[in-house]
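Peer 1: Please find one structure pasted underneath; my questions will follow.
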Amino acid sequence: MNTPTADLFCGLFELRTTGHGQPRLTSRPAAPASVPDPQTGRPLKVAAVELSERTVCPECTQLGAGGYVSFVADLRLAFACPSCLKLVWVAGA
C-alpha cells in the first residue's frame, strides 16, 4: 500500500505504509468538519483529531499507532485503527 488511502476512516486520516511495511495513520489537512453518526447518520461535528504512537485498539486489541477523534456535544470517541481498517466507536463516560 504505497499510495495513501483517505477513503477509510471517514476521510479524517490517511493510511500509509512505513519503510518497514507497518501501516501508519497520518492526519489529513483537508479532513471533513463532520462525520456521520454510525447509528443515526446525522452529522457529528469533529472537535479534535489526535494521533497516538502507542495505543491499543479497543476492538482488535492490537498495539500500535492509531488516531482518536472527539466530537462536539457528543461523549463518544472514535478510534481509527490501522489494523482493523475502520473507525471503532467507543462510548463516553
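Peer 1: Pick from the range 12-39 the residues that are exposed (fewer than 12 other Cβ atoms within 10 Å of the Cβ) and of a type in the set (G, A, S): which of them is nearest to L75 (Cα to Cα)?
Peer 2: A33
Peer 1: Taking the options R76, R42, name whichever one is basic (K, R), surrounded by 14 or more Cβ atoms within 10 Å (Cβ to Cβ) and more than 16 Å from G11 (Cβ to Cβ).
Peer 2: R76 is the lone residue from the list that is basic (K, R), surrounded by 14 or more Cβ atoms within 10 Å (Cβ to Cβ) and more than 16 Å from G11 (Cβ to Cβ).
Peer 1: Taking strands (runs of 3 or more DSSP E) that do not extend beyond the range 1-74, which have at least 3 residues that are within 17 Å of V88 (Cα to Cα) and free of Cβ contacts under 8 Å to residues at least 12 places away in the same chain?
Peer 2: Counting at least 3 such residues, we get 43-56.
Peer 1: Additional query: Go through (1) out of contact with any strand residue (DSSP E or B) (no Cβ under 8 Å at 6 or more places or on another chain); (2) surrounded by 14 or more Cβ atoms within 10 Å (Cβ to Cβ) and name the single condition G67 misses.
Peer 2: (1)
Peer 1: Another question, if that's okay. Do you know which residues across the range 7-48 are at pLDDT 90 or above and at positive phi?
Peer 2: The answer is F9, C10, G11, G41.
The values are calculated or read from the model by the stated rules, or taken from the named source; none is laboratory data. Everything quoted here is computed from the prediction, not taken from an experiment. Heads up, the Cβs are rebuilt from the backbone with ideal geometry, glycines too, and the neighbour counts pull from every protein chain shown.
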